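Enquirer: Here it is: the structure, laid out below.
The values are calculated or read from the model by the stated rules, or taken from the named source; none is laboratory data. This is a predicted model, so every value here is computed, not measured. Neighbour counts run over all protein chains shown; Cβ positions are idealised from the backbone, glycine included.
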Amino acid sequence: MRIHTGEKPYQCSQCNKDFPQSTHFKTHMRSHTGEKPYQCNQCNKVFTQKKNLKIHQRIHTGEKPYQCSQCNKAFSDKHNLIKHQRIHTGEKLYQCSQCDKAFSHSAHLKIHMRTHTGEKPYQCSQCNKAFSQSTHLKTHMRSHTGETPYQCNQCNKVFTQKSSLKIHQRILTGEKSYQSSQCNKTFSQSTDFT
């Protein structure tokens, strides 16, 4: 009945948060004590809540009970399905406070905000060059390691970036995915008509 009345008789003495049920209160207290009583029997990772352990165990079992009705992609966690569905609905809940851009995921907004702040938290250990995204650092590291993970299946040419391989393959096949709005001419890469 406390759900309807709004009564919250359990109060945390450390942060003054109130809870309607003792179970919610006990779970919350673990955020202060660090107690994690639920342990995975496969990899020994520990959790504060049983439901989080159950979600984690799906990594080991491969179980993905939440399926997208639009594209049939499956997920182990309901929240990941909800986030994924924004791709189909076009819903963008996360608005940049600096410009008009909006994003479907908070992580994408966080990355975007770095264009305004200039923050570059990912630094190369070899040359100290810094990047705003971890993926950009990963690609940059290949200039030091010589790693070329993307290979053309037609001519065996190798590339450090997937996007470079795609451009190369368009040139080989003659595919022209980019069209000029000025003259309707088509090009294999966007930089050809800028």
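Enquirer: Would the stretch 35-45 turn up any residue that is in contact with a strand residue (DSSP E or B) (Cβ under 8 Å, 6 or more places away or on another chain), under 24 Å from SER106 (Cα atoms) and not basic (Lys, Arg)?
Expert: No.
Enquirer: Does the stretch 113-121 contain at least one residue that is surrounded by 11 or more Cβ atoms within 10 Å (Cβ to Cβ), of a type in the set (Asp, Glu) and not assigned by TED's automatic domain parsing to the domain that holds LEU137?
Expert: Checking the stretch 113-121: not a single residue is surrounded by 11 or more Cβ atoms within 10 Å (Cβ to Cβ), of a type in the set (Asp, Glu) and not assigned by TED's automatic domain parsing to the domain that holds LEU137.
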